[in-house]
1. In degrees, nearest 10, range 0 to 90: what is the angle between the Cα axis of helix A:664-682 and the longest Cα principal axis of chain A?
2. Where a Cα-Cα gap under 14 Å defines reach, which aspartates and glutamates qualify for A:K43, not counting those fewer than 8 residues away within the same chain?
3. Roughly how much of A:F507 is accessible, in Å² to the nearest 10, using a 1.4 Å probe?
4. Determine the residues within region B:212-229 where the difference in accessible area between the chain on its own and the full set of protein chains amounts to at least 50 Å²; count protein heavy atoms only and use a 1.4 Å probe.
5. Under 28 Å between alpha carbons: how many lysine pairs meet that in chain B, if sequence neighbours fewer than 8 apart on the same chain are excluded?
6. Order A:R516, B:R35, A:R114, most accessible first, counting only protein heavy atoms with a 1.4 angstrom probe.
7. For chain B, list the DSSP H helices whose alpha carbon atoms reach 27 Å or more along the long axis and whose average Kyte-Doolittle value is 0.5 or above?
8. What figure in square angstrom, to the nearest 10, would you give for the accessible area of A:V201 with a 1.4 Å probe?
Amino acid sequence: MDPNAVNGASALIHGPTAEVLNILSEMIFIFCGIKALFHKNLKRVFLFALVGLVVELRSSLTVDSHFALSAFLFHVFNYSIIFVLVFLVAKTLCEKAGTEKLTEMRGVARVLPRLTIPMGIGLFAMMGLPPFSSFFSKFLLVFAFVDSGKLYNSILLAAGELLYFLVFIRVFRFLFLDKYNGKPLKDDFTIPKLAPLYGLVVFILIGGLAPALAFKPFAFLSGVLGASAKGAPPLSISWPITVVMMIFGAIAIYFTGQKINNNRISALAASALCLVSMIPLAACDADIYSKSFAFLVLFMGVLQFTYSVSYMEHSHKQYRFYCFFLLMMAGLVGVCLAKDLWSMFFWWEIMSGWVLYIALIHEEDAFSVQEASKYFTYNYFGAAILTVAVAAVYEETRTLNLEQLVQSYVFTEAGAVATALLTFVFLMKAAQLPFRIDFQMHPKPAPTPISGYISSTVLKSGPFMMVKIFFVAMAAGAVSSKLFTLAQIQHVAAWIGAITIVMAASFALLTNSMKRLLIFHTVSQLGYVVLGCALMTSIGLAGGLMHFVNHMFFKNLLFLCAGAVFIATGTDRMDQLGGLARKMPITFFCFMVGTLAISGVPLFNGFVSKWMIYHGCMDSGFIGLAIVSLFGSVLTLASFIKFMHSAYLGQLSEKLQDTKEASWYMLAPMLVFTTLCILLGIFPGAVMSTMNSILTHFNLEPLAYSPGMIAYQGAALNTLQLSALLIIASVVAWLLYKAINTKTRATHVYVCGVGDLTHSDAHVSSVNFYEDAKKFIKAVVRITKKSIGLQGEYVER
Amino acid sequence: MSASQIFNFFICPGGIFAIFFGLVLVSLERIAVARFQGRVGPPIFQNIFDVIKLITKEVMIPKDATNRFFFLLAPVFGFAGMVAAVSVIPVAGVSSGLGANSDLIVLIYLLALPAVSHILGGSSSGSTYSAVSVSREVVLMFAYEITFIIVIFTVALAAGNGNGAVFSLQQIVDYQLTNGSFISDPRMLPALFAFLIFMLATLEVPPFHIAENDADVIKGYLMEYSGRPLALFEMTHALKLLVLITVLQIFFFPGIAANNPVANLLWYMFKSGVIVFLIALIHACMASFRVDQAFKFLLTVPVVLALASLGMVLFL
């Protein structure tokens, strides 16, 4: 075949034959997918999946790309290894269990871990997740489509994979996550019997960890066949030392943890690992923006694991949780430090793929598994789009290195679509427009340390990358195309952020679950971050990034407080709580600081960043954005008042009489965050030198500042002065209490003479709050649902 | 802080003067309402006497209050916010507010503090009536803040006069001193009415006497308060009235009488008195809404008025 052939000639199969074949194989692909999704027999499920995927692979032969053939060969090779592995394990497993029915094999993998771990790896590999070989071959295949100009087909391909993803996740849930109730099975496999399986796993991992090496033979082979793999994207991944350290550390914690089985040691080891990993980070040569975020990632990790010492005490297999939590963090640090989009994508998938999934299903009950699977599916969908977007960027610019992109980024039509897709994926990660919060946000039943961490830190990767992409496009001067301009993308992103602020905060008013409320507010606050960052002006970006940091502290603080209440009382429902401030005064104090910070009350950090974001909006001339986002603050305050009243204030119910204050392992991180919230509220200048370096890095004008003041053109905010005024006035008022000494008498509250009220009777709980506002929001929800044809409940799922 | 700033903060127009004048305005309003209703009303210094009396009285703290410390802290919160607010807002021709923080966004947040303080206090007292009133207060806040926000942006844009928005309160005053007050600008009239409605709602004056209604929730969040904490609440209320009246003047008619601070101060006091009479007139004429009626009313009428002004400022 002639490698220089013009369109339509370089594909192995082309012309009308290819069209007919395409339609036919699409039908088989979907049919097999659906069949596999509902089939009860384990082996048949895999068989259908095999047929479907093979048929789909064939489509790459109709693509006019030089290296479609090599990608095809690589992919076929990878999948054959994976399928051999999976079939081998499935066969042995069926023999052991004495049945082939999936429903009768529930949880069987849990009793035979040595045999089934390769199967688990095989399942994740079939989904095309890193660090397994198929991740790369799948990307090459998608790129082959993009290369041949079939951008939309490649989106369809990537979306079609979702069907097969559901097949595999279903099998995984049946085998690995359900409880096993069958007869006892003996794990009596000899090493020679297991060796071939693990040998195959090694193959899969080599393909995943050294993809450039693994791809070479196939490139060569297709070269011999006449279609050299010219123009294939570079497949090398950057491995920052910090990340490598964390991965090895995580694995070490897993194995030692398994042996000693002591939660405190494992948690403190994980905490120490985060601390130690900061050392190589300090020496690494990343830009200030990436490095600061990576530092925060690790800093939050240190506190989160300290908190876990107490929180996870009565849980099970803590070492597994810490290991996967750390691996996820390693992925996040990898995203921060990635110098090219391709490494970024690799680490992105580690961060939000199966590693996260295993950490989230820690409790292993049906509810957590269901919710975690939903979130996994959502992330998988996002990754599918990201695959296409990254491929399209490479197709247009022939480089993925961010520094080179600054020169060569283009805004052709495909480039514009790629930029829009990237923005879309990053907004998806930040869970903007919460139509289905159960899919879009991390699951409620996961352990609180990880929930808090995801909310406060992991989701920031969305806005973080969004800023990078906007910067690259702006620096390259790639701002307008025939389709749309970069400014339009930014404006839409800003509006999505602003609508999210109000939407998520309104939903938070309706919910009765502590964690759900916090999750809604994460989305809402991320709206501020997105809004600020999407403006890409000095003050807007500084405000957005400031909120980025502030939100880390106050949102994590609130999660930790909710976790403390959850541990102390065992319930997540606000209407079953009440009056806890008397029993848990320190937790309550921390919670109050978090509440005031998130509502943006002066003296606390949220106020500073919000002030900057509002000014940024007005500065760019977006009045609507400013009004909507300001209104969001009122809703935030309202929903936290509901939380505050029904959990901490009001009457203490009889059931909660012997609630105890949280332990110091929990209180210490909370107090650290509390201090940070107050300090940054009074001295925002503390982070401004870093912020200015970041602004300079992005070619924006730095802001004038002093420790207690931020100034921008005409406007200035003197937090130190404002705080001084508030504190002086408070001291004067407090002196009024202290200076004049009159009698103090303890009385009972006035209840109109009713004598037989119990505490619970007298307590007004969360469900009774804001009836009129709720009615209004529900009406809006109903209309929205009708107009866009959504079904089901929004808030409580 | 410079000496003049300290003077502004502690003595005049903030601090002692503000508390004194605010309390007098509250009494004035009571007198006016009484006269409208054919009663005599209290003496002009009645509210000052009340506060002094409260300070010397015994303090009662309910055993059921969730957290004693917090119960006492709640009124401090709003009081501090209002004392800070009176010193950051300028009084035309008298003082220019505390430079950097004389900003509309800061003002929005400071003005929310008394409500937050009511909520914290009511909520921590452990009383069921207080809890009901807290819920009402927040529902109303939800409804009236949107009006306030839109009015603020309207004023900021009008003062920017086509060149973006002006957030500095002093600059808004200066703009009107040179270009004429906004009250004479027909585009701004709907915003003026919207702001008046907002004022009534946030001051809990009939027809928005809902959250602390004596008749059904028995003073709501204030119910369990007595002695000094109640005195703080009373002073906070007086200061809030004063701040809102001042803000109304800054937004719509900051005109000055002469080039003399004392004369300007007197003129400012006179204007404030007139506004109080207006409030008292509405107070005396109206019955109160139910909370659901108020919610609907506040979400429609003032919002539409404010938006009308915003639209006119933007496009005319």
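1. Tilt of helix A:664-682: around 80 degrees.
2. Straight-line reach from A:K43, under 14 Å: A:E95, A:E100, A:E104.
3. Accessible area of A:F507: about 10 Å².
4. B:R228
5. Lysine pairs meeting both conditions in chain B amount to 10.
6. B:R35, A:R114, A:R516
7. TM-like helix candidates: B:15-36, B:68-88, B:104-124, B:128-160, B:227-252, B:261-285, B:291-315.
8. Per-residue accessible area (A:V201): approximately 10 Å².
The values are calculated or read from the model by the stated rules, or taken from the named source; none is laboratory data. Remember, predicted model here, so these are calculated numbers, not experimental data. With ideal geometry, Cβ positions are generated from the backbone for all residues, glycine too; neighbour counts draw on all protein chains shown. Accessible surface is based on the protein model in full, side chains and every heavy atom, while ligands, DNA and RNA are left aside. Shrake-Rupley method; radii C 1.70, N 1.55, O 1.52, S 1.80 Å.
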